[in-house]
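Chemist: Here's a structure for you.
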Amino acid sequence: MNTDRAERTASIEELGLDPVKVEALLQRTRREVDEGLLPGAQIAIARHGKVGVCESFGNANDDSLVCIFSATKGITSAAAWLLFQEGKLLEDELVADIVPEFGSNDKDKITVQQLFTHTAGFPHAPFRPLQWNSKQETLGRFAQWRLSWQPGTKFEYHPTSSMWVIAELIERKSGLSYVDFVRTRVVEPLGLTNLFVGLPDSENDRALAVEHSGDPLTEEDYKKLGMPMPPASEVTEEALLVFNKPEVRAVGVPGGGGYASAHDMALFYQAMLHGGLEGRELWHEETRTDVRRIRSGDLTDMMFRKPANRALGIIISGDDSRSFRGFGKTNSPEAFGHNGAGGQLCWADPATGLSLAYLTPGHDRNNVRQGRRGVAIGSLAAEVLA
């Protein structure tokens, strides 16, 4: 379905937004671009299925594509929701019953739900993106993976590992490749022409290169801030820079390789909120309600010991500690989304009907400054209603 952008655009007045508050949001968004810290940025705000704010700064224009990294998890999860909705995939199924090659090394008791909630126990399992191009290499790697802890006993973010398995589940349950399923069952029905999981070669010229900027905080800096130093993970500078290679972009890494414009990501979250766009429903209301139910119980994150608030592949804003989960301080407890490395922000708030997408190709090495930027932008965005 091809949809003209003008048909999905409305004035800020039509969407009930306050021009003064919108301008404050835009000024905050462009600050680090004007200062030279970030090479560019895009921001979009949508409501009622239409985009009311769409601005680009620096080296970005409205049609630029940005790697959204872990915000891709929201797309992968939403694709899988269709299989849950159709009864083809069940949360309490054992993964090994669907993908027998995965069940080695005591992984045979992992459930489908645990993959989506980061409670599966293999957060550090290695996998190179190009291995996905070979089914033999993929299944061989699945078989080699070992548990770091007993599934279901704790929450620890799985940067990419669990999403590779979810992509394999999608393929086995649908009979389509993961990339084709996302494209034909989600992206094309929604008419989103600037959202890709598996970037075609023809679109590479629009993709902004990942860049790193600023200086990282030292251990002493974290001590002075009274914060623990983040643990080492697979999300290194080198790992992010590989997404400047067309062959890696083409893979469609399910946990972190999507490309999009802020305009289309804001609309995608409108679709997640309302079930679809322009009257075409993909996810029934019952499905949308269920997938937003928190499944992680009282499990907390490792760094700040805040409730994980994990639903079916997405994060729920929740209590006053929501900013630790990637939301602004002014979101409602019902807001949901999934952000990405480098400060990508993607969420929708059922209380206001707003959705936000903030994307940047610039990755600030100062994690605290990056986090504060996200909280500030998210907080301003959540309050743009008149």
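Chemist: Working only within segment 125-144, note down all residues that are assigned to a loop (DSSP other than H, G, I, E, B), out of contact with any helix residue (DSSP H, G or I) (no Cβ under 7 Å at 6 or more places or on another chain) and either surrounded by 18 or more Cβ atoms within 10 Å (Cβ to Cβ) or modelled with pLDDT of 95 or more (or both).
Modeler: Arg128, Ser134
Chemist: Only one of (1) hydrophobic (A, V, I, L, M, F, W, C); (2) under 21 Å from Gly175 (Cβ atoms); (3) surrounded by fewer than 15 Cβ atoms within 10 Å (Cβ to Cβ) fails for Leu115. Which number is that?
Modeler: (3)
Chemist: Is segment 251-267 home to any residue that is in contact with a helix residue (DSSP H, G or I) (Cβ under 8 Å, 6 or more places away or on another chain) and assigned to a helix (DSSP H, G or I)?
Modeler: yes
Chemist: Sticking with this one: Go over the candidates Leu65, Leu89 one by one and state the one that is aliphatic (A, V, I, L, M) and either surrounded by fewer than 24 Cβ atoms within 10 Å (Cβ to Cβ) or closer than 19 Å to Thr138 by Cβ (or both).
Modeler: Exactly one of Leu65, Leu89 is aliphatic (A, V, I, L, M) and either surrounded by fewer than 24 Cβ atoms within 10 Å (Cβ to Cβ) or closer than 19 Å to Thr138 by Cβ (or both), namely Leu89.
Chemist: Which residues, counting only those in segment 268-288, are part of a strand (DSSP E or B) and modelled with pLDDT under 95?
Modeler: Arg280
Chemist: What are the residue pairs meeting all of these: first residue in segment 154-171, first residue touching a residue at least 12 places away in the same chain (Cβ under 8 Å), second residue part of a helix (DSSP H, G or I) and surrounded by fewer than 21 Cβ atoms within 10 Å (Cβ to Cβ), Cβ atoms under 6 Å, and 6 or more apart or on different chains?
Modeler: Leu169/Ile98
Chemist: If you don't mind, there's one more thing I want to ask. Looking only at strands (runs of 3 or more DSSP E) that lie completely in segment 310-369, which have at least 3 residues being hydrophobic (A, V, I, L, M, F, W, C) and in contact with a helix residue (DSSP H, G or I) (Cβ under 9 Å, 6 or more places away or on another chain)?
Modeler: 345-349, 354-359
Chemist: Within segment 19-98, considering only helices (runs of 4 or more DSSP H) that don't extend past its boundaries, which have at least 3 residues that are under 24 Å from Phe336 (Cα atoms)?
Modeler: In segment 19-98, the matching helices (runs of 4 or more DSSP H) lie at 19-34, 72-85.
Chemist: Restricting attention to segment 74-86, which residues are farther than 16 Å from Asp180 by Cα and surrounded by 24 or more Cβ atoms within 10 Å (Cβ to Cβ)?
Modeler: Result: Gly74, single match.
Chemist: Further question: How many residues, within segment 95-145, are of a type in the set (Ser, Thr, Tyr) and in contact with an Asp or Glu (Cβ under 9 Å, 6 or more places away or on another chain)?
Modeler: Going through segment 95-145 one residue at a time, the tally reaches 3.
The values are calculated or read from the model by the stated rules, or taken from the named source; none is laboratory data. None of the values given here were measured: they were computed from a predicted structure. Note that we place each Cβ from the backbone using ideal geometry, even for glycine, and neighbour counts take in every protein chain shown.
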